[in-house]
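What follows is calculated from the coordinates using simple rules that are stated; it is not laboratory data. Just so you know, these numbers come straight off a predicted model, no measurement behind them. Don't worry about glycine lacking a Cβ; one is built from the backbone with ideal geometry, like all the others, and counts go over all protein chains shown.
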Amino acid sequence: MTLHLVDDHDAATACVTTLVSSAIRATPSLVLGLPTGRTPMGLYRALRTAGLDWSRVRTFNLDEFSTLGPEHPGSFRAFMDEHLFRHVNLAPASIGFLRGDAADGAAECARYDAAIAAAGGIDLLLVGLGGNGHIGFNEPGESLRADTHVVALHESTRRANAERFAGDWQAVPASALTMGMRQVLSARRVVMMATGASKAEAVAAMLDGPLTTRCPASWLQTHPDVTFVLDRAAVSARRAG
Ligand code: GLP
C-alpha cells in the first residue's frame, strides 16, 4: 500500500491528476474505472486540459442511480458527460456505464460484469469514499456483494447526494446499481482519494480498523496495489495521527 498524505484538497487533486495522466501516457489503451462525487470534480477539470489522448482509453463508472436514464440531470452519466466525457476525445463506444433505467436491473448488472471482463478487467480504478465508508454504492451492512448489483441506499447516502436533486434528498433514488467488491478488489491498481474532515472517521476505519462489512473501504487493505491520496483533514481521526 502507498499513502500520499498531502496538505489539502487541491494538493490531492494534483497528485491524482499526475497518477492518472502518467497511467494514460504509459498505457494509451488503459481501462479506467471512474467515480462521481464532489471529490473528483477538480481532477476531471485538470484532466480535461492535461493534453492527454483519450482515443484508445476505455472507461467504466462505478455506479448509477436506479430509474434514471443518462439524460436525467441527476444521473451519474450526466455528471460524467458534464465534467469529463464531452470535453475529451473518448470514443462514445468506449464509455462503459450502468443504465439506471434498465427494465431488468439484475440483467443490466450481469451485462456490465461481462463488459468489464471482455475489456480485460480494469487497469486503474479511481474510487472516492462515502462518509459512512462506502465505495461506489457498496453500503455498510451485514454483508457485501461480490458482483455488480442493485442496492438500497442508506438515508445518509441519499442526503449526501441531494445537491444534484435541488437539495431534496427524498428526490434521490432509493436504490442504485453498483460494481461489487469483486470488481473493486480485482482492479489491477486502485487509487482512493478522500479529503476533508467529513471523511475522517471513515478514513480511520478504512486504514486502521478491522476488515468489516461495516466499512466496505476497509477491504482495500487487502489489495496488492492500492494508493491512498488523503489530505490532513481526512486523516485527523487516525489515532496514530
Ligand atoms: C457517492 C458515490 C461514491 C462517492 C461518494 C463520495 O455516493 N456513489 O462513488 O465516492 O459518494 O462522494 P463525495 O466525493 O461527493 O464525497
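Which one is nearest to the ligand (Cβ to nearest atom) among residues in the range 37-55 that are out of contact with any Gly (no Cβ under 6 Å at 6 or more places or on another chain), over 18 Å from Pro92 (Cα atoms) and outside any helix (DSSP H, G or I)? Per the stated criteria, the residue is Arg38. Contact map, the range 116-130: residues that are assigned to a strand (DSSP E or B) paired with residues that are among the basic types (Lys, Arg), Cβ distance under 8 Å, separation 6+ or inter-chain. Pairs shown: Leu124/Arg188; Leu124/Arg189; Leu125/Arg189.
Just give me the residues in the range 164-187 being in contact (Cβ under 8 Å) with a residue 24 or more places away in the chain and either surrounded by fewer than 17 Cβ atoms within 10 Å (Cβ to Cβ) or more than 19 Å from Gly105 (Cα to Cα) (or both), in sequence order. Of everything in the range 164-187, those that are in contact (Cβ under 8 Å) with a residue 24 or more places away in the chain and either surrounded by fewer than 17 Cβ atoms within 10 Å (Cβ to Cβ) or more than 19 Å from Gly105 (Cα to Cα) (or both) turn out to be Arg164, Phe165, Ala171, Ala174, Ser175, Arg182, Val184, Leu185, Ser186, Ala187. Determine whether Arg238 is of a type in the set (Lys, Arg), farther than 19 Å from Cys15 by Cβ and surrounded by fewer than 23 Cβ atoms within 10 Å (Cβ to Cβ). Considered against the rule, which asks whether it is of a type in the set (Lys, Arg), farther than 19 Å from Cys15 by Cβ and surrounded by fewer than 23 Cβ atoms within 10 Å (Cβ to Cβ), Arg238 comes out as no. Does at least one position in the range 77-96 carry a residue that is within 16 Å of the ligand (Cβ to nearest atom), more than 25 Å from Thr195 (Cα to Cα) and either more than 16 Å from the chain's Cα centre (by Cα) or buried (at least 16 other Cβ atoms within 10 Å of the Cβ) (or both)? Yes; the residues of the range 77-96 include at least one that is within 16 Å of the ligand (Cβ to nearest atom), more than 25 Å from Thr195 (Cα to Cα) and either more than 16 Å from the chain's Cα centre (by Cα) or buried (at least 16 other Cβ atoms within 10 Å of the Cβ) (or both). The requirement of being within 16 Å of the ligand (Cβ to nearest atom), surrounded by 15 or more Cβ atoms within 10 Å (Cβ to Cβ) and closer than 15 Å to Val184 by Cβ is not satisfied by Gly100.
Inspect the range 144-156 for any residue being aliphatic (A, V, I, L, M) and within 12 Å of the ligand (Cβ to nearest atom) and give the result as yes or no. Yes, that holds for at least one residue. Considering only the range 31-65, state which residues are over 26 Å from Glu139 (Cβ atoms) and touching a residue at least 60 places away in the same chain (Cβ under 8 Å). Passing the criteria: only Arg58.
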